[in-house]
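Asks: Input: one structure, supplied below.
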Amino acid sequence: MNNSGRQITTSNNEKETETYKKTIIDIKNFFPKNYEEQKCQEIAGLLGEKDMTFILSCLSKYGLAVVERAWGLFREKEGESINNPAAYFNKLISKLNG
């Protein structure tokens, strides 16, 4: 069998790669529409977050009660050394909904 002149294609060279831009909601430029968003902005600021995306998605998925419960659990650890406060808060949210 003579394969000369035939192009061999695989799924790897047929696929186009797309770049997705992550939307960032800058905490400093965020204007809350209601009390819930204002509370989330306050918590995000205290956690040192620069982006509101995660906390707003938690608010949308789980409600303010869960966000505030996670914040309460976080505050119980005050005085303890937490290397990455935002990551620890995210872990608390996950545990509450796991």
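The values are calculated or read from the model by the stated rules, or taken from the named source; none is laboratory data. None of these values were measured; they are calculated from a predicted model. Counting neighbours? That spans all protein chains shown, and the Cβs are built from the backbone with ideal geometry, glycine included. When the accessible area is computed, the model is the full protein with side chains, heavy atoms only, and any ligands, DNA or RNA have been set aside. Shrake-Rupley method; radii C 1.70, N 1.55, O 1.52, S 1.80 Å.
Asks: Be a star and scan segment 79-98 for residues whose amide nitrogen sits under 19 Å from the point 7 Å along the Cα-to-Cβ vector of K61.
Replies: Only 85-98 fall inside the zone, counting backbone N under 19 Å.
Asks: Also, quick follow-up: Quick one: order D26, D51 from most to least accessible surface, probe 1.4 Å.
Replies: Listed by decreasing accessible area, they come as D26, D51.
Asks: Same structure again: Give the lysines reachable from K22 as a straight Cα distance under 30 Å; neighbours fewer than 8 places away on the same chain don't count.
Replies: K33, K39, K50, K61, K91, K95
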